[in-house]
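Undergrad: I have a structure I would like to understand better, so I am pasting it below and will then ask my questions one at a time.
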Amino acid sequence: MESERNIVYLHGHIHEDPIEVISSPAPGSSGFAKATIVSISAPKIEDGFNEVTVFLTDANEIYLVRVAKFRPNSSNAVGNYSDQEVTYIPMGMNPAELLSSATRKLWQIVREMKRVNWHELNERPEISGMPEADIEESLMRLFCARMVRIDQLGRSKTKWSIEAMADVN
């Protein structure tokens, strides 16, 4: 925690699969952490595996961790990504560090519409030609900055409902 860096610690020595988040609020930060440690334990191999994805800022700081828990079903088969439990863990960064120009552009659209689904957002002429991956990343940054809520996060993007939550400081 003293490093004031976000850390993802992956381990499997307990052979259970908890995800633990430890954070220390930064002074005067409105609840944003000056450091966050996410500890992710792997299950026993016969119980499945985790797919861990980290999202990085332009300065290579971790701002979001996504964990998909691939577990065998009743037939002992591991299904598709869409069948798995997915958890998103924001790392509590200062919103100013997350707002690129593309993210600000997307924020203006979401704020204007108040509530929008994935298809409606992609049909907006202001972002035509913007790759879907960039739209998704901008939404993840807005989510981590607590500026939007995304219903059905962890499911297919086509099911997402995005709602504006706060204004940019």
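Every number in this text was worked out from the coordinates using simple rules, so none of it is lab data. Quick caveat, the model's predicted, so the values are computed rather than measured. Virtual Cβ from ideal backbone geometry, glycine too; neighbours counted across all protein chains shown.
Undergrad: Scan around Val148 for amide H atoms under 5 Å from its own, H built in the peptide plane at 1.01 Å from N, and keep only partners 5 or more places away or cross-chain.
TA: Under 5 Å from the amide H of Val148: Phe143, Met165.
Undergrad: Once R0 is set to 30 Å, what does the formula 1/(1 + (r/R0)^6) return for the Cβ-Cβ distance between Lys44 and Ile22, expressed as a FRET efficiency to the nearest 0.05? Don't skip to the end; give the middle numbers.
TA: Values: r = 24 Å, r/R0 = 0.81.
Calculated value: 0.80.
Undergrad: Let me ask something else. Give me a comma-separated list of calculated 3J(HN,Hα) values for segment 2-8, in order, Karplus coefficients 6.51, -1.76, 1.60 applied at θ = phi - 60°, integers in Hz, x for any Gly or Pro.
TA: 5, 6, 6, 10, 6, 10, 10
Undergrad: Let me ask something additional. Quote the FRET efficiency, to the nearest 0.05, computed for Glu2 versus Glu61 with a Förster distance R0 of 22 Å and r equal to the Cβ-Cβ distance.
TA: 0.85
Undergrad: For n ≥ 4 DSSP H runs only, could you compute -39500 (n - 2.57) per run for the chain, divide by its residues and tell me the 222 nm figure to the nearest 500? Walk me through the intermediate numbers first.
TA: Details: 3 runs with 31 residues, N = 169.
That comes out to -5500 deg cm²/dmol.
Undergrad: Continuing with this model, one more query. Against the longest principal axis of the chain, how steep is helix 132-144, in degrees 0 to 90 to the nearest 10, with axes from Cα atoms?
TA: Computed tilt is about 80 degrees.
Undergrad: Follow-up question, since we're still on this one. Relative contact order for the chain using alpha-carbon pairs under 8 Å, separation at least 6, rounded to a whole percent?
TA: With pairs under 8 Å counted, the relative contact order is 17 percent.
Undergrad: Return the FRET efficiency for the residue pair Arg115, His13: r is the Cβ-Cβ distance, R0 is 35 Å, and the value is rounded to the nearest 0.05.
TA: E between Arg115 and His13, to the nearest 0.05, is 0.20.
Undergrad: Between the helical axis of 101-113 and the dominant principal axis of the chain, each derived from Cα atoms, what acute angle in degrees is found, rounded to the nearest 10?
TA: 80 degrees
Undergrad: Spelling out what I want: for every residue of segment 52-66, take phi, set θ = phi - 60°, compute 6.51 cos²θ - 1.76 cosθ + 1.60 (Karplus), and round to whole Hz; glycine and proline get x.
TA: 10, 10, 10, 10, 10, 6, 4, 8, 6, 9, 6, 10, 7, 10, 10
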